[in-house]
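Worksheet: the structure to be examined is printed underneath.
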Amino acid sequence: MRWIHAALFGSALLIHNAVAEFKFSVTGTRNGVPIPQNEIKLVPFEFGRSRNTKGAVSPPHRQTKRANPTISSANWCGSVNYTPSSNQIKIVHAYWRHPTCTKRTGVTTYPQAVAAWAGIDGDTWLTALLQSGTVCKIDSATAQVRHEAWWQWVPEAAFTISTMPVNPGDWFEVTINTTSTTAGTITLTNIDRGHTYTIHLTGGPTLGRINADFVVERPYYGGSLASFASFTETWFQDAYAVRTTGSNLGLLGANQYQIPGLCASAEYDNLNGRSWSL
Ligand SMILES: *[C@@H]1O[C@H](CO)[C@@H](O)[C@H](O)[C@H]1NC(C)=O
């Protein structure tokens, strides 16, 4: 891992582009009051590359409120909607409630984890994904559930915002606001605890800005797919993307990813989608 410090300001050479330099800085508020910079902690995170590994294609198993296309995946469960490159995504927004996570009955392999996030790209645009959300992780049969807030500009490393409180049932809001295909801000708020962090990003891996993702993920840690913990249903509310021209992109017609046997998702209306544990 290239990251040498759990610091506020980061910088690393891009693997595939020796010219551009990926940089970020973080600011935060607590109940509206700026958090002193030296109190904000960012820690390199052990997520592996977040990727949407589509599983063997099985016949669509329709459980949707609307007749969306249903796609099987090994690790994504949720809604992904698409826009042409002539009308790129500028902003992705969503609210969700961090789930209550429990050990999956009958599963004895660890870690068991569930990540909920919103993001841009990573589906049909495979070379970059800008994402932020929360994750719960159970490290062993006897371990407590750990909860963390995190962000990642794939293929760069992931970071937790270790000073962000995360509790089961807390409402979160994320706004990912890109000003170009390589720069933007992530604003992540724990609404129930009054914490907001804004991550300012420049020189990131080039986005296509063509996929809007609202996903519950079975995450990778390093190269290994974690077991998928059981979780209380996760709603993505006011889930939409603002585009360069024309109307906002909601969930209407979005692909619904399912992890067969583990998780299903459905669109309820254009701004509300749900993922639930099977
Ligand atoms: C997105 O960023 C632009 C440029 O900084 C800013 O003008 C705009 O208000 C931001 N929008 C949101 C919703 O944060």
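The values are calculated or read from the model by the stated rules, or taken from the named source; none is laboratory data. Small disclaimer: the values here were computed from a predicted structure and weren't measured. Heads up, the Cβs are rebuilt from the backbone with ideal geometry, glycines too, and the neighbour counts pull from every protein chain shown.
Observations
- Test result for Pro111, surrounded by fewer than 24 Cβ atoms within 10 Å (Cβ to Cβ) and touching a residue at least 60 places away in the same chain (Cβ under 8 Å): yes
- Among residues of segment 234-250 being of a type outside the set (Ser, Thr, Tyr) and within 16 Å of the chain's Cα centre (by Cα), the one that is surrounded by the fewest Cβ atoms within 10 Å (Cβ to Cβ) is Asp238.
- Being among the charged types (D, E, K, R) and within 16 Å of the ligand (Cβ to nearest atom) is a property that does not hold for Asp192.
- Residue within segment 262-270 that is assigned to a strand (DSSP E or B) and out of contact with any strand residue (DSSP E or B) (no Cβ under 8 Å at 6 or more places or on another chain) present: yes
- When segment 144-159 is limited to residues that are modelled with pLDDT under 95 and of a type in the set (Gly, Ala, Ser), the one that is surrounded by the fewest Cβ atoms within 10 Å (Cβ to Cβ) turns out to be Ala157.
- Here Tyr240 passes the criteria (1) of a type in the set (Ser, Thr, Tyr); (2) without any contact (Cβ under 8 Å) to a residue 40 or more places away in the chain; (3) touching a strand residue (DSSP E or B) at 6+ places or on another chain (Cβ under 7 Å) except the one numbered (2).
- The residue pairs whose first member lies in segment 183-199 and is free of Cβ contacts under 8 Å to residues at least 60 places away in the same chain and acidic (Asp, Glu), whose second member is more than 9 Å from the ligand (Cβ to nearest atom) and in a strand (DSSP E or B), and whose beta carbons are closer than 9 Å, counting only pairs six or more residues apart or on different chains, are Asp192/Trp171; Asp192/Phe172.
So that you can scan it fast, the table gives a plain yes or no per residue for (1) farther than 24 Å from Glu173 by Cα; (2) modelled with pLDDT of 85 or more; (3) touching a strand residue (DSSP E or B) at 6+ places or on another chain (Cβ under 8 Å):
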position	(1), (2), (3)
Ile15	yes, no, no
Val19	yes, no, no
Leu42	no, yes, yes
Gly55	yes, no, yes
Gln63	yes, no, yes
Val80	no, yes, yes
Ser85	yes, yes, no
His93	no, yes, yes
Thr109	yes, yes, yes
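- Among residues of segment 162-178, those that are within 16 Å of the ligand (Cβ to nearest atom) and not in a strand (DSSP E or B), counted: 0
- With respect to the conditions (1) surrounded by 23 or more Cβ atoms within 10 Å (Cβ to Cβ); (2) over 17 Å from the mean Cα position of the chain (by Cα), Thr202 lacks only one, and its number is (1).
- Residues being within 12 Å of the chain's Cα centre (by Cα), touching a residue at least 12 places away in the same chain (Cβ under 8 Å) and within 16 Å of the ligand (Cβ to nearest atom) are represented in segment 124-134 by at least one member.
- Some residue of segment 117-138 being in contact with a strand residue (DSSP E or B) (Cβ under 8 Å, 6 or more places away or on another chain) and farther than 27 Å from Leu271 by Cα: yes
- Against the numbered list (1) at pLDDT 95 or above; (2) touching a Lys or Arg at 6+ places or on another chain (Cβ under 7 Å); (3) surrounded by fewer than 24 Cβ atoms within 10 Å (Cβ to Cβ); (4) not small (Gly, Ala, Ser), Ile71 comes up short only at (1).
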